[in-house]
1. Could you tell me what percent of the DSSP beta bridges with both partners in region C:22-255 are antiparallel, to the nearest 5?
2. Taking R0 as 51 Å, what's the FRET efficiency between C:Ala46 and A:Ala342 from their Cβ-Cβ distance, rounded to 0.05?
3. Tell me which trypsin sites (Lys or Arg not before Pro) from region C:257-351 have a DSSP coil assignment and no more than 11 other beta carbons within 10 Å of their own.
4. If you take the Cα atoms of region A:21-68, find Rg, then find the Kirkwood Rh from the mean of 1/r over all pairs, what is Rg/Rh?
5. Assuming 1.306 mPa s and 10 °C, estimate D for chain D with Stokes-Einstein, Rh taken as the Kirkwood radius over Cα pairs, in µm²/s.
6. Among C:Pro224, C:Leu204, C:Tyr237, whose Cα lies farthest out toward the positive end of the dipole of region C:200-242, if unit charges sit on the beta carbon of Lys, Arg (+1) and Asp, Glu (-1)?
7. Can you work out the Karplus-derived ³J(HN,Hα) for every residue in region A:43-55? Use 6.51 cos²θ - 1.76 cosθ + 1.60 with θ = phi - 60°, whole Hz, and x for glycine or proline.
8. Non-local amide H neighbours of B:Arg288 (under 5 Å, H modeled in plane, Pro and chain starts lacking H): which ones?
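Coordinate-derived values only; no laboratory data. Treat the numbers as computed from the prediction; the structure is a model and nothing was measured. Quick reminder, even Gly has a Cβ in these numbers, built from the backbone with ideal geometry, and neighbours come from all protein chains shown.
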4 protein chains.
Amino acid sequence: MNPRHDPRLKAFASDNYAGVHPEILQAIVTANGGHQISYGDDVYTAAMQEVFKRHFGEQAQAWPVFNGTAANVVSLRSMTAPWEAVICAETAHINTDEGGAPEVAGGIKLLPVPTPDGKLTPALIDRQAWGFGDVHRAQPKVVSISNTTELGTVYTPDEIAAICAHAHERGLRVHLDGSRVTNAAAALDVPLRALTTDAGVDVLSFGGTKIGLLYGEAVVVLDPEAASGVDYIRKTYMQLSSKMRFVSAQFEALLSGDLWLRSARHANAMGRRLAEAVRGIPGVEVPRAVEANAVFAVLPKDVADRLRKRFRFYTWNEATGEVRWMCAFDTTEEDVDAFAAALAEEMAAAG
Amino acid sequence: MNPRHDPRLKAFASDNYAGVHPEILQAIVTANGGHQISYGDDVYTAAMQEVFKRHFGEQAQAWPVFNGTAANVVSLRSMTAPWEAVICAETAHINTDEGGAPEVAGGIKLLPVPTPDGKLTPALIDRQAWGFGDVHRAQPKVVSISNTTELGTVYTPDEIAAICAHAHERGLRVHLDGSRVTNAAAALDVPLRALTTDAGVDVLSFGGTKIGLLYGEAVVVLDPEAASGVDYIRKTYMQLSSKMRFVSAQFEALLSGDLWLRSARHANAMGRRLAEAVRGIPGVEVPRAVEANAVFAVLPKDVADRLRKRFRFYTWNEATGEVRWMCAFDTTEEDVDAFAAALAEEMAAAG
Amino acid sequence: MNPRHDPRLKAFASDNYAGVHPEILQAIVTANGGHQISYGDDVYTAAMQEVFKRHFGEQAQAWPVFNGTAANVVSLRSMTAPWEAVICAETAHINTDEGGAPEVAGGIKLLPVPTPDGKLTPALIDRQAWGFGDVHRAQPKVVSISNTTELGTVYTPDEIAAICAHAHERGLRVHLDGSRVTNAAAALDVPLRALTTDAGVDVLSFGGTKIGLLYGEAVVVLDPEAASGVDYIRKTYMQLSSKMRFVSAQFEALLSGDLWLRSARHANAMGRRLAEAVRGIPGVEVPRAVEANAVFAVLPKDVADRLRKRFRFYTWNEATGEVRWMCAFDTTEEDVDAFAAALAEEMAAAG
Amino acid sequence: MNPRHDPRLKAFASDNYAGVHPEILQAIVTANGGHQISYGDDVYTAAMQEVFKRHFGEQAQAWPVFNGTAANVVSLRSMTAPWEAVICAETAHINTDEGGAPEVAGGIKLLPVPTPDGKLTPALIDRQAWGFGDVHRAQPKVVSISNTTELGTVYTPDEIAAICAHAHERGLRVHLDGSRVTNAAAALDVPLRALTTDAGVDVLSFGGTKIGLLYGEAVVVLDPEAASGVDYIRKTYMQLSSKMRFVSAQFEALLSGDLWLRSARHANAMGRRLAEAVRGIPGVEVPRAVEANAVFAVLPKDVADRLRKRFRFYTWNEATGEVRWMCAFDTTEEDVDAFAAALAEEMAAAG
């Protein structure tokens, strides 16, 4: 069987355009054959739990789910009573890119805060953290942050610790949307738990798909007091995998050695390489800090349109002409260089 | 890497204890490498749509989702306004085995009807198909049937056609929970469309996982007028896969040739073999028709308990001691014979 | 201003066809004028709380809501986590007559049980009270009973105590839909708390409208451990009255003296009078015990149709021709006698 | 029976601190007695429909509900599919003061926009009116505006017409939260339909409680194509009144003559009188236009605290010390003058 597509072609649209890392795929193949108890009572899921505990502490417990939207909604629902609300950055994925899933499927009100760089701070949290005990106000209960953020920035351990301390003082819990938390840890060269458990995060959406899994994210409860009913919420929210051994085997392959770190470091390095390359092209502006695997750029619309015919990517802001380029675990130096060369060509042609 | 489990061991607990069919796994491997547009705008998903159309007609459109609960809830929600209700057999999986997902996540009221064999009929439907226009009554809008049923029985094309005609006359739509619809078609030796499109079914939950996929079910809309907003409902119900090429490639592998039929026929044959073998064992009763890959049996509780230490399976009814044995695509004749022999031994020991 | 209707005409359709008891209306008039803090922080609501405590015990707390559907849904939602379910009689109002509100607005799965007379028993509860801890099964958490029942029958204190003891042993809580609990208490000549607090009921929907209020029901939490978040649930479920002093003043007028008892006794007496009168009419069958203010009868359909042109009432069961007649606090002996005479005439004409 | 409170005391906290207008209460008294069909099939509700048609046009249809939160949630839910979202001002009552009811009970995502004065404009709407057809974005479907706004400002007919034209061009519908729409019409001296039907508004939450009803608001569908299922949504959202004749009789009393206009004009006049009086007090700032019955003021916190012991009112913004004073239909000139005098005293004492 030949593939229906040319596997040499890469895009700079999203890290989820990539496929499956070969080591992950091998783990699936190895876990195949014979019968295993379904719905998570299998040996692979038991092994996966141990791996998560090694990274996040003995108290951590992981619940695999199918995608990132689900990891976030199941996390938030398990952290809140039905009338409680979630403070987040206005640019948070849960607010802008999940089709309204937190509200529609979860019935959860979000309390968004504008930010300059996609990052909350204690002071920004306080813009929504008020009205406790007032039935007319949706009760703030959770602060949700994303690391890396949707703007490609990275929270440091200290920044997260400050947020968690501030939140906890007010009776709020902290959720981390870690769709790209491996990229964040790699960027800062810190262990995963420095950005999560050790900083005081209560519940983590741990991202697998963007770092090379076939599918699979995990709700990781770091403080068992912060969440309840995860088993039931996962089931009723349609996230209980029958053949769970396969998603668990993927997480084990990702996290038991350094695959997560190699992959994240590589994607981040490609992001830096891309940023450096395009910064040298006259007329292209890179307006945001490039801290991980995302590069934002402002370039003429006609150039973007022509370039997009050669490499797919997304416009971030129609009004300003800002575009976003993402590097994945499988983006190569040659891919980056070819893309930068193509951009230079199109810019020159536009001139 | 050695597997963590002995792939020679089989259970008779559920067809989702099985792993991935090798041809399906190969399709995943082939689809890997390079970049593909995420969220379904890839060439594999386009090819999958064509395969579904070949089976279900040109008007059919398929939306892959992650699991069977989701296929059912997304189907039903796309067929109903928020205040409309779903008539189903009391034993329907949506009523008994999805943790309340239709109600909890979907806000959908079910109107269950007791049945002798898990099958609805026009007369049974009418026990709940009334009160149209009365705001005090949840408005019946959909009849949901399962084929094969949760009791291992199979609806014929004529039976389904009668249900559909009856439902349509009353302004009701018909949903088929086809978690095992391949087993039903194989059992009757009819094409898939004979049990669905041609019989008048409006929306189908097409089951992939139990017939050998790694993961993946599909909402298949057979009458485009019967459903709306599936794109958005799938997204907000956390069922939109980013790397959709892989689930689409699996469906293509399953349905483009006869893999589905070979697998379903085999599982059914193993069910029959098992039924025949255990019917010959004194003291074991097989109280229900064995029409596909499920065998129900009544045996002494202590025998069941001892047998379960050798082969895992589930009790269906604690009160009566009825148990359920399922055969999968990978159940072998040797597995069946070993199981029947073990049962005979335990019965003899009990005597 | 003349009324738009003839206030001498009565129906036997429902106790909510009646208007407002004059003493209740006077309480509203008295509470009018000047300003009072809105949303329940007023002196009338404080007084109402004391009245509820006198009836139901010091630990009782009442939350007025607008109607009976709301009293039930707010009660049940405050007693359950999002994945927990409610066992009820198949004929329960929450299952049959609220348009699916528990499921649609509350996301609550009901687990209905067929009963001969609208009454649950410990044995009937056990038909649904199982599967604890199994994520595939909506988790039973509440038993909801109605007193009087939808079939006009009445639970005794002992029957309720047996249900509560049985439920509590299994970790279940008990909700009483007391839309007509005043009628039940009057029928048995027991205090309200004999049927509620003293019997072990955890949360009560206390009915006001059918016993003479303009509008208003109350969620009464009898065991504070059984419910949480009622303040917030009432608000988000659109049940927080701004001018709450008026609903509170009505409850005070109903419950501070014997108005509730006089009204309920009278309605029940009219029910008995009606039953006795129609039992004497050849061809009319009264198939159910008449224990409070509801009378069920079976009579020829054409007779029912002609009678309905003179007095409005509802058919209970189209198939059997059973009809339901309800007496209200304002039904008079003359009304009953005129109705019975009309029935006798129509039966004679049919003969 | 003496009232529990001193009816001479008034507050400036909210127009819902007031009681029932005597003409409204008389309408309730007149509608009492005898039986009327419940749930809206009564002669008072029929008459109320005619009155609404006289104000809003022949196509208008009104559905009474219990409170303002419900009018908004039922309106918005009837205008949207489950995955569709609502654009509103950040300060909109639906966003800030309903405890999250649109999201929690309705599952509706709001798309808030910051505004200088509580009023949306076409340009402000466009900050959220984008992403049509993108499943990752909650689909904008409704623009919801409040008139008067939560900041006491008033939209003119032209401003609303511009919003409606803009919205309709984009396939959006317009909802007007008319909790105080009578105050807005009185302030501009225009008919109610100039601000609603004639301006292109599709669905209106018509406010009754704040202008003198005992209870009751109405969902008024002005364009029948803009909403569906209102009957069922009202029921499942626990808003169907059994004794509906009484809420309908109130609306008839309010709207059949000029009671609404007299009451609104009076409340507005008291607002102006109050604004004029306090503007003359040194040290008190009135930072917003006073266009109807709300007056916002900035004054020293200790003054506000002392004044509040004499007249209850709310702080609008803790950070700036801004407070809100509301006048009601029953606020008298003496009340206003006494309040202004008290404020002057406290300011002087503070000096």
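1. The antiparallel fraction comes to roughly 35 percent.
2. 0.10
3. Values: sites: C:Arg262, C:Arg265, C:Arg272, C:Arg273, C:Arg279, C:Arg288, C:Lys301, C:Arg306, C:Arg308, C:Lys309, C:Arg310, C:Arg312, C:Arg324; in loops: C:Arg288, C:Lys309, C:Arg310, C:Arg312.
Within region C:257-351, the qualifying trypsin sites (Lys or Arg not before Pro) (loop, at most 11 other Cβ atoms within 10 Å) are C:Lys309.
4. 0.99
5. On the way: Rh = 20.9 Å.
Translational diffusion coefficient: 76 µm²/s.
6. Farthest towards the positive pole: C:Tyr237.
7. Each residue of region A:43-55 in turn: 6, 5, 5, 4, 5, 4, 4, 5, 5, 5, 5, 4, 7 Hz.
8. Sorted by chain and number, the residues that satisfy this are B:Phe296.
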